[in-house]
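Before any comments, here is the structure.
Just so you know, all these numbers are worked out from the coordinates, no wet-lab data involved. Treat the numbers as computed from the prediction; the structure is a model and nothing was measured. Because the Cβ atoms are built from the backbone with ideal geometry, glycine has one as well, and the counts that use them run over all protein chains shown.
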Amino acid sequence: MAVFVANESGANDVDEVRLTALARFVLDAMKVNPLAELSVMLVEEKAMADLHVRYMGEEGPTDVLSFAQDDAFDASWSESVDDDPTTLLGDVVLCPDVARRQAEQAGHSYERELHLLCTHGILHLLGYDHAEPDEEREMWKIQNKLLASWDAAVKAAGGKRPAGGADGADGAGEPGPTAAH
C-alpha cells in the first residue's frame, strides 16, 4: 500500500513517518487492496477553512476532510489483482492547528488526535459515515477498535512504529462520498 504524506501546514512537530505507518496499519486492518494508494495532506487553518466552505458549505476550519478519488474502486482485496490496477483511494486532509486544540480539550496527546483524525478520514473513504446515530455508533466502534489495535501494536514494538498490519479490526466498506467530514 502506498501512503503519501504531504505536510503543507508549516507544523514541524508532526511525525510523518508514524502517521504513514498508522495509515498503512488502518488500511491493512480494513483489508484494503494492497495496490491502493492514499494521500494524507496536512494544511494550515486558512486552507482548511477554504476547503470546508467549498466542499461542505460550512464556515471556519475543521479537523479532517476526506475526498474519495475513484467511486468505482472496490477497496477490498480481490484475488485477481490484474483486473484491479493501482488506484488512488483518496485524500485525507488534516489541520494540525485544529487537532492541537482538540487534543488539549480532549486531554490526550496531539499525536493521538492526529491518529484519530487520520483513522476517521480513512474510514470515510471506505464508505463509513456518522450522519445517522446507527452509522455513528458503527463508525466510532470500528475507529476505536483500530486505534486500540494500533496502540497494542506500538506497545508490542516497544514504542516504535509496528511492522505489518493488524488483526481484530473488522470489515471494509464501499467507497465513500466525494467529500466527508
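Would you mind getting the Kirkwood hydrodynamic radius of the range 11-53 from its Cα pairs, rounded to one decimal in Å? Don't skip to the end; give the middle numbers.
Working: mean 1/r = 0.0813 Å⁻¹.
Its Kirkwood hydrodynamic radius stands at 12.3 Å.
A full extension of the chain between Leu88 and Asn144 corresponds to an added length of 17.6 nm, given 0.36 nm per residue minus the alpha carbon distance.
Coupling constants for the range 100-111 follow from the phi torsions by the Karplus curve (6.51 cos²θ - 1.76 cosθ + 1.60, θ = phi - 60°), and in residue order they are 4, 5, 5, 4, 4, 5, 7, x, 10, 6, 4, 4 Hz; glycine and proline get x.
Residues whose amide H falls under 5 Å from that of Ala6, counting only those 5 or more places apart or on a different chain, are Val40, Met41, Leu42, with hydrogens built in the peptide plane. For the peptides 107-118, 56-67, 23-34, the ranking by mean Cβ contacts within 10 Å, running from highest to lowest, is 23-34, 107-118, 56-67. Treating r as the C-beta distance of Glu111 and Tyr55 and R0 as 25 Å, the FRET efficiency rounds to 0.40.
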